[in-house]
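What follows is a single structure, written as structure tokens, with notes after it.
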């Protein structure tokens with residue numbers, strides 16, 4: 001955890017899921033210059049005289065260094081060659097605020113935890129609190145979800161109370177709120193467990209989930225909510241990302257994420273995209 005502006009925050013965690021190696025990028029560069037024989041890597045030299053088979057491709061993808069790529073990256077700034085290397089990261093526990101920042105990086109593949117499909121527990125907690133006439137039940141239940149990047153319980157209670165107020169406003173203006181929130185097959189639970197918020201919550205959790213329940217309730221969450229995502233960058237785009245997001249001028253949460261992504265990135269890639277200090 002780290003404190004910023006008087007508030008405690010949790011930091012994201014990152015795992016490198018896959019990387020394609022730098023051998024293909026060198027092969028691309030050697031193709032441009034027809035200079036396979038000049039490579040310090042035997043496998044690249046071999047490609048000049050024969051098409052690579054499966055075993056050769058595996059060896060190619062295990063290359064750790066390339067003098068040509070280093071020259072192109074740092075002397076000639078021929079960065080398009082770096083687009084032939086790709087890295088994929090699993091990111092957990094960053095914020096929706098960071099997600100907005102990430103979207104500004106055009107060349108990336110990004111898959112994000114969907115609020116359309118993953119808000120059932122939150123809505124079930126609200127429905128149970130209303131049927132049980134127990135606002136505190138909702139607050140305590142949602143506190144247990146660990147759904148915010150902020151780590152201060154008192155502050156998070158303010159967040160959750162705000163979510164309750166938004167849902168409660170909607171509850172009072174929508175004619176049949178429960179039809180939006182609860183699957184048809186679970187509506188009978190509202191009478192069966194009237195007055196028992198915990199029992200109703202468990203029944204709703206174990207029952208059929210309302211399809212796309214988040215469509216009606218996305219408005220209640222803020223940039224403070226945690227998201228998980230998988231992102232894939234080509235190496236050129238990753239260079240741009242690290243240059244901009246590891247800067248002291250970057251939003252502090254995305255700076256934390258960039259540093260963690262950099263920490264799990266193999267050195268052979270960093271040597272080509274991060275300027276040595």
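Between 0 and 90 degrees, the angle of helix 120-131 with respect to the longest Cα principal axis of the chain falls at about 10 degrees. Given contacts defined as C-alpha pairs under 8 Å and at least six residues apart, what's the relative contact order of segment 120-220, whole-number percent? Worked out over segment 120-220, it gives 39 percent.
The angle separating the long axis of helix 235-245 from the principal Cα axis of greatest extent in the chain is about 60 degrees. Taking the fewest neighbouring Cβ atoms within 10 Å as the starting point, the ordered list for 1, 56 is 1, 56.
Relative to the longest principal axis of the Cα atoms of the chain, the long axis of helix 153-173 makes an angle of roughly 60 degrees.
Once Kirkwood radius over Cα pairs in Å is worked out from the coordinates, which option in (1) 18.9; (2) 25.9; (3) 21.9 does it equal? The calculated read-out lines up with (3). Rounded to 0.05, the FRET efficiency of the residue 111 and residue 171 pair, given R0 = 41 Å and the Cβ-Cβ distance, is 0.80. Once you have a ≥ b ≥ c as the square roots of the Cα gyration tensor eigenvalues for segment 1-59, tell me rounded if a/c is under 1.5, and otherwise prolate or oblate according to whether a/b is larger than b/c. Prolate shape, in that a/c is at least 1.5 and a/b is the bigger ratio. The relative contact order of the chain, computed from alpha carbon pairs under 8 Å that lie at least 6 residues apart in sequence, is 30 percent. If you plug the beta carbon distance of residue 90 and residue 205 into 1/(1 + (r/R0)^6) with R0 = 25 Å, you get a FRET efficiency near 0.45. Contour minus end-to-end for residue 152 and residue 51, with contour as 0.36 nm per residue of separation and end-to-end as the Cα-Cα distance? The span from residue 152 to residue 51 would gain 30.5 nm if fully extended.
At 0.36 nm per residue, minus the direct Cα-Cα distance, what do residue 191 and residue 263 gain on full extension? Give it in nm, one decimal, please.
On the way: separation 72, 0.36 × 72 = 25.92 nm, distance 5.28 nm.
My answer for the length gained is 20.6 nm.
Values quoted throughout were computed directly from the atomic coordinates according to the rules given, and no laboratory measurement underlies them. Since the structure is predicted, the reported quantities are computational estimates derived from the model, not experimental observations. Counting neighbours? That spans all protein chains shown, and the Cβs are built from the backbone with ideal geometry, glycine included.
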